[in-house]
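In what follows, a structure is listed as structure tokens, so that the remarks can point back to it.
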Amino acid sequence: MDNIRGKTIAITGAARGIGLATATALLRRGARVVIGDRDVGALDKAVQRLGPGSPVTGYPLDVTDRESFSTFLDKARTDGDGRIDVLINNAGVMPVGPFLDQTPESIRSATEVNFYGVLNGCQLVLPEMVKRRAGHIINVASLAGIVAVPGQVLYAGTKFAVVGLSTAMADEFAPQGVSVTAVLPTFTNTELISGTNPSAAQKPVEPEDIAAAVVKVLDKPKTLVSVPGFGRRTAVLASLLPDRARRWLNKKTGNDTVFLQFDTAARQAYEDRAQHATGVIEND
């Protein structure tokens, strides 16, 4: 049974980066793809890039606004013969830097987008999936949701939450025929890490690597998937180290400063957007 061809797959935060790469990979496998993003200009360009004649549509979406999310999913159902087979909760922001420098706006924005947005999507699609006894929810989390490093306090906190909710949901809804997966990438070569300098030990993966992992887990569902594949084992081992050993390892690999010492100017545009990551941005 093909779990992708002919299926209706909705992806949040898909105007760029991991979301766009995932949409591209799923279209190649014959899915009908519906993408959402709060940046309408970037969303329109993404739909054009994915190709005229392809079974892809795009609609404005603010994942923190339940009504906006509900409207997006209704449009996805209309495009997909009345159903959503797969929801990929990909939208997210990555504030980094000293915790005491985080503003109330950045704290609220990260929590609402990274965690509350995922909760919104899950609650809105689960009833129909449970009724059909079929469906798959994929939440794009992070290896920072298993082991975190300095400068990631806010981001890691939200991703730990997503890993926890995904694991609990997977076990709760498996008897009802619904799969839930958390995808855990390491540093990914998108604007989320702009201005930072990951060490050789933490070489970034590409968005296409995460897209390939999504395709693979749709073909063969499981609860936790890391990118690269060995990343989860490494992260779990690191999380179990005694405090002194963990801090020594962070220092040895450069992870103790990668998100504390970075090019502020190179990162400024992303940080400004991440602090105010709610609401739909219309075309000028």
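Report Rg/Rh for the stretch 8-275, rounded to two decimals, where Rg is the Cα radius of gyration and Rh the Kirkwood radius.
0.96
Full-extension gain between Arg244 and Gln123, please, as 0.36 nm times their residue separation minus the C-alpha to C-alpha distance.
In short, 39.5 nm is gained.
What dipole magnitude, in Debye to the nearest 20, does the stretch 8-275 give about its Cα centre under +1 on Lys/Arg Cβ and -1 on Asp/Glu Cβ?
The calculation lands at about 900 debye.
Less than 16 Å from a label point 7 Å out along the Cα-to-Cβ axis of Thr71: which backbone N atoms in the stretch 117-139 qualify, by residue?
Residues passing the 16 Å test: none.
Here are some pairs, Lys75/Lys159; Lys159/Lys220; Lys222/Lys251; which of them have Cα atoms lying more than 25 Å apart in this structure?
In this structure, Lys75/Lys159; Lys222/Lys251 lie more than 25 Å apart at Cα.
What's the extension gain from Asp44 to Asp2 if we count 0.36 nm per residue and subtract their Cα-Cα distance?
Once the chain is fully extended between Asp44 and Asp2, it gains 12.2 nm.
Can you give the net charge of the other residues whose Cβ lies under 14 Å from the Cβ of Lys252, counting K and R as +1 and D and E as -1?
Its environment carries a net charge of +3.
What is the set of long-range amide H partners of Gly58 at a cut-off below 5 Å, with H atoms built 1.01 Å from backbone N?
Result for Gly58 returns Ile35.
Calculated FRET efficiency, Arg83 and Glu282, Cβ-Cβ r, R0 30 Å, to nearest 0.05?
0.55
Could you check the simple spin-label distance between Asp171 and Thr264, using points 7 Å along Cα→Cβ, in nm with one decimal?
4.5 nm
Values in this text are rule-based calculations from the coordinates and carry no lab data. Keep in mind that what you see is a predicted model, and the values were worked out from it rather than measured. When we count neighbours, we look across all protein chains shown, and the Cβ atoms used for this are built from the backbone with ideal geometry, even at glycine.
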